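Each remark here refers to the structure printed beneath this line.
Every read-out reported here was derived from the displayed coordinates using simple, explicitly stated rules and does not represent laboratory data. Only a predicted model underlies this, so the values are computations on that prediction, with no experimental measurement involved. Here the Cβ positions follow ideal geometry from the backbone for every residue, glycine too, while neighbour counts run over all protein chains shown.
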Amino acid sequence: MKKVVWGVLSTAKIGWEKVIPAMQKGDYCDIRAIASRSLEKGRVLADKLGIAKAYGSYEELLADPEIEAVYNPLPNDQHVPLTLMAARAGKHVLCEKPFAMNATQAAEVREVANNVHIMEAFMVRFHPQWLQVRERVRNGDLGDLRVIQAYFAYFNRDVNNIRNKLDTGGGALYDIGCYPIVVGRFLFESEPKRVMAMFDRDPTFKTDRTVSAMLDFGEGRQLNFTVSTQSVVYQRVQVCGTKKRIEIQIPFNAPLGGETRVFLDDGSTLDGSSVSTQTLPACNMYTLQGDAFSRVVRGELALPYGVEDAIKNMRVIDALFGSEKSGQWINI
């Protein structure tokens, strides 16, 4: 298959540190341009990453006829505006999470969804550890899936960090709370019916620094999670059925190019002796995601997650913010 020619909108850290190098290792991605509001900054990063072209504006990159698809890792409040701009220029778009600031904004992208392929960049959905866990759930290996519990935290009080800026979409729920939500939807293969949340906000930044949430998927199925931007670094997911439990050791920041481990427990003991370990081969989920989207662009794969999926995830986030304000369960 001929590689898809990619451009990158912005010099965001997630891009140059993780996503771009991973996509450059893919079989189907040719990253040929990067755009920044500063041409000098864009040129420095292009040289560092071996990218042929650098542009001093996003409009210039989108006007480049060679570019077929763009990766959009801009601040959260710019995801929809630049995705719309790219799509109107005829470019396919892989947009970083969260897709928008709210579901209403996300729905604006419906206007262009039939013209190009657009996907929210939840790379975890392409990692073999998650695909394998979902297959176990589908096969009934765990019995009936009842509860998913997730914890995801890091510590960051940098006043200049984009995650601590309220106006552009900072805070724990937008940045990392979206991951447990998408994992719950991924494994239950349905949408939550109602949600409730408890928030703690930083007194200076006003961003949500810790969020605990309960999501009711109906028929006794629950997702419970806590995320925090000001806690000890830790992450884990428990997937619990009526017969067995699966624990994902590093669920969200799986080592790039490294092995991962999944633990299966039949619950026969409480001391860990009933746990068996499965080690999955090394991979890079950003590479897998980039190649999968490129194959969609070439017509080799159907788009697995489109704009409607992104809107559904944003509806859950909206409902959790609504629960913070009301102190009540919010129906979705």
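From a point 7 Å beyond the Cα of ASP266 in the direction of its Cβ, which residues of region 135-150 have a backbone N at a distance under 15 Å?
Correct set: 141-143.
Please report, in whole Å, how far the alpha carbons of region 179-332 spread along each principal axis, starting with the longest.
50, 45, 38
Nothing charged except the Cβ atoms of Lys and Arg (+1) and of Asp and Glu (-1): what's the magnitude of the dipole of the chain about its Cα centre? Round to the nearest 20 debye.
Numbers: 40 positive and 39 negative charges, 31 e Å.
Roughly 160 debye, rounded to the nearest 20.
Treating the Cα atoms of region 44-169 as identical point scatterers in vacuum, please give the log10 of the normalised Debye intensity I(q)/I(0) at q = 0.10, 0.12, 0.13, 0.18 Å⁻¹, two decimals.
With no solvent term, the Cα-only Debye profile gives -0.48, -0.67, -0.77, -1.12.
Could you calculate the contour length gain from ASP200 to SER212, that is, 0.36 nm times the residue separation minus the distance between their Cα atoms, to one decimal place in nm?
On the way: separation 12, 0.36 × 12 = 4.32 nm, distance 0.90 nm.
Contour length minus the Cα-Cα distance gives 3.4 nm.
Can you list the aspartates and glutamates whose alpha carbon sits under 18 Å from that of LYS206, skipping same-chain ones fewer than 8 residues off?
Partners within reach: ASP77, ASP158, ASP167, ASP175, ASP318, GLU324.
For every other residue with a beta carbon closer than 13 angstrom to the beta carbon of ASN224, add +1 if it is Lys or Arg and -1 if Asp or Glu, then tell me the sum. Walk me through the intermediate numbers first.
Details: positive: ARG146, ARG221, ARG236; negative: ASP216.
Residues close to ASN224 contribute a combined charge of +2.
Would you mind giving the average projected area, over all directions, of the Cα convex hull of region 95-148 in nm² with one decimal? Let's see the in-between values first.
Working: hull surface 22.2 nm².
For region 95-148, the mean projected area of the Cα convex hull comes to 5.6 nm².
What trypsin sites (Lys or Arg not before Pro) in region 107-175 are in a loop by DSSP, with at most 16 other Cβ atoms within 10 Å of the Cβ?
Those satisfying the criteria are ARG157.
Lys and Arg at +1, Asp and Glu at -1: add these up for the other residues within a Cβ distance under 9 Å of GLY143 and post the number. Before the final figure, lay out each step's value.
Numbers: positive: ARG146, LYS243, LYS244; negative: ASP141, ASP144.
After counting each charged neighbour, the total is +1.
Going down the table (LYS41/LYS165; LYS2/LYS53; LYS41/LYS91; LYS18/LYS97; LYS3/LYS165), which pairs top 26 Å between alpha carbons? Mind dumping the intermediate values first?
On the way: LYS41/LYS165 22 Å; LYS2/LYS53 20 Å; LYS41/LYS91 23 Å; LYS18/LYS97 14 Å; LYS3/LYS165 37 Å.
Going by Cα-Cα distance, LYS3/LYS165 fall outside the 26 Å limit.
Based on the inverse mean of 1/r over its pairs of different Cα atoms, what is the Kirkwood hydrodynamic radius of the chain, in Å? Don't skip to the answer; put the middle values down first.
Details: mean 1/r = 0.0486 Å⁻¹.
It is 20.6 Å.
Are there trypsin sites (Lys or Arg not before Pro) in region 212-274 that DSSP marks as loop and that have at most 15 other Cβ atoms within 10 Å, and which are they? Before the final figure, lay out the partial values.
Numbers: sites: ARG221, ARG236, LYS243, LYS244, ARG245, ARG261; in loops: LYS243, LYS244.
Sparse-neighbourhood loop trypsin sites (Lys or Arg not before Pro): LYS243.
Placing +1 on the Cβ of each Lys and Arg and -1 on the Cβ of each Asp and Glu in the chain, which of ALA254, MET198, THR242 has its Cα farthest towards the positive end of the resulting dipole?
Farthest towards the positive end: ALA254.
Viscosity 1.002 mPa s, temperature 20 °C: Stokes-Einstein D of region 208-298 from its Kirkwood Cα radius, in µm² per second? Could you put the intermediate results ahead of the total?
Numbers: Rh = 16.0 Å.
Translational D for this selection: 134 µm²/s.
Rounded to whole Å and sorted largest first, list the principal axis extents of the Cα atoms in region 1-118.
38, 32, 24
With the crude spin-label approximation of a point 7 Å out along Cα→Cβ, what separation in nm comes out for ASN331 versus SER190?
Each label point lies 7 Å from its Cα, and together they span 1.7 nm.
Quick check: the distance between the Cα centres of region 155-173 and region 54-69, to the nearest angstrom?
So the separation of the two Cα centres works out to 29 Å.
Net charge near ARG32, counting Lys/Arg +1 and Asp/Glu -1 over other residues with Cβ under 11 Å of its Cβ?
-2
DSSP loop (so not H, G, I, E, B), at most 13 other Cβ within 10 Å: list which GluC sites (Glu not before Pro) in region 92-192 pass both filters.
Details: sites: GLU96, GLU108, GLU111, GLU120, GLU135, GLU189; in loops: GLU96, GLU189.
Answer by residue number: GLU189.
Mind running the shape call on region 210-255? Use the C-alpha gyration tensor, a ≥ b ≥ c as the square roots of the eigenvalues: rounded below 1.5 for a/c, prolate if a/b tops b/c, oblate otherwise. Write down the numbers at each step before the final one.
On the way: a/c = 3.08, a/b = 1.33, b/c = 2.31.
Oblate.
Given the convex hull over the Cα atoms of region 178-240, what projected area results after averaging over all orientations, in nm²? Please report the intermediate quantities before stating the final value.
Values: hull surface 19.1 nm².
Across all orientations, region 178-240 yields a mean hull projection of 4.8 nm².
Could you give the length gained by full extension between LEU301 and ALA282, i.e. 0.36 nm per residue of separation minus their alpha carbon distance, to one decimal place? Please report the intermediate quantities before stating the final value.
On the way: separation 19, 0.36 × 19 = 6.84 nm, distance 2.34 nm.
Between LEU301 and ALA282, full extension yields 4.5 nm more.
Using all Cα-Cα distances in region 49-116, what percent lands in each 10 angstrom bin from 0 up to the longest?
Result returned by the calculation: 20, 54, 22, 4.
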